[in-house]
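What follows draws every value from the coordinates through simple rules; no lab data is involved. Note that the coordinates shown come from a computational prediction; the quantities given were computed from them, not determined experimentally. We place every Cβ from the backbone using ideal geometry, glycine too, and count neighbours over all the protein chains shown.
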Amino acid sequence: MSFTADRVMHLQRSLQLALNQEWPQLQQTQRKLAQFKARVIQPLQSGGRAMPIIATVATDGGENHLNLEPIRLQVVRVADSSGEIHFEDFVARSLPPEEVLRLFFSADHRLKKFLDYLQVDWRQLLPRSDFQLGQLLSMLRESMEWAALLKLAGQPPAKLLIRDGLLRSMLLTEEVFQRLSEKFEWLTTQYGHLLVGVAKRSRVINYLSVAVGLNESFADGQPSYLPVPVELESEAAPSQYRWIGSRAMGCLHIVRLDCGEGVPLLPVDVAAWQGDRVEEAMALLHDSARASFPLRGYPQALIQAHQHARLGGLEVEMLERLLLEQVTERDPEVARQARQLMLLGRKLATDSEDEQRAAI
């Protein structure tokens, strides 16, 4: 499709009109942020005993499918930074949502214990909206991640608990999320834990980062953090953003955990009931991020948890072999056809990679 002169002129006029509407909002956000100054993160005192740090991560949805068409299975694994695997289960993706939840939360004693502790029934997890219905497996994975983190929260000694993602949820129903928030508040108070959520990205942070950059809030390059007031977060949020209020148990901060160029600004939630311990939480996160690799300025505990949660190539092959063995027991012909499809898929993937390398 060619860019004619008339088309370019029309797009320029349309762009100018759109920016005329958007620009005042950015300037207003910049003025509001100018009222707040980033606070330098004070490093932990040398010789002091740092609080243990542990993070939990669930296997990313895009890397846990088994290549055995037409059988539709997914593996859910939740691991922490110490290497403990809290969950590692197969999910049948063809089942209706109610059946998936019924099977998991009635058969798995760990999830049943989780729901019993929250004093909720598995039916209270059933999707209430089309959005939740389309994200059922993500919700199941998130539930397992919360369950693992809650288990760690119920154990001494005092430690920094890190969730992979903000302390919020759009996938859990509000009643379940509220019970979860109440339990975390009680347990962290009881055992002296700190609770934070760290994400790699956030649409609100992306928007605010422009205004932060204009205000040079982090210009000195020091590790620092900037609390984001709820009202400003609400104003900066896109219209479909609903992780505020009853769906959030944390207060949002814009954080730079290390100094130097290329270190990202991270969205970090600190538990809403721990406002008096924000400096302590930031110091611990900074300490964890100082030697982070390969993601500079990202808590090393989260990187380690990701490594333990990720399904590697050998693990996938082992799981596929286990699956093929059980399919063979049920119907050898189905297993033969599935194996052929698997080999064909791998050959196509290899050929595609070879073509890409040849084109470089």
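Each residue of region 133-142 is assigned a 3J(HN,Hα), and the resulting list reads 4, x, 10, 4, 5, 5, 5, 5, 4, 5 Hz, derived from the Karplus form 6.51 cos²θ - 1.76 cosθ + 1.60 (θ = phi - 60°), x at Gly and Pro. For region 253-306 versus region 88-143, the inter-centroid distance based on Cα atoms is 31 Å. For the pair Ser129 and Gln12, label points projected 7 Å from Cα toward Cβ lie 4.1 nm apart. Across region 245-254, rounded Karplus estimates of 3J(HN,Hα) from the backbone phi angles (6.51 cos²θ - 1.76 cosθ + 1.60, θ = phi - 60°) give x, 5, 9, 9, 10, x, 9, 7, 9, 9 Hz, Gly and Pro being marked x.
Give the lysines reachable from Lys183 as a straight Cα distance under 30 Å; neighbours fewer than 8 places away on the same chain don't count. By straight Cα distance, Lys183 reaches Lys112, Lys113, Lys151, Lys159, Lys200. Evaluating 6.51 cos²θ - 1.76 cosθ + 1.60 at θ = phi - 60° for every residue in region 180-193, the Karplus couplings come out as 4, 4, 4, 5, 5, 4, 5, 5, 5, 5, 5, 9, x, 5 Hz, glycine and proline recorded as x.
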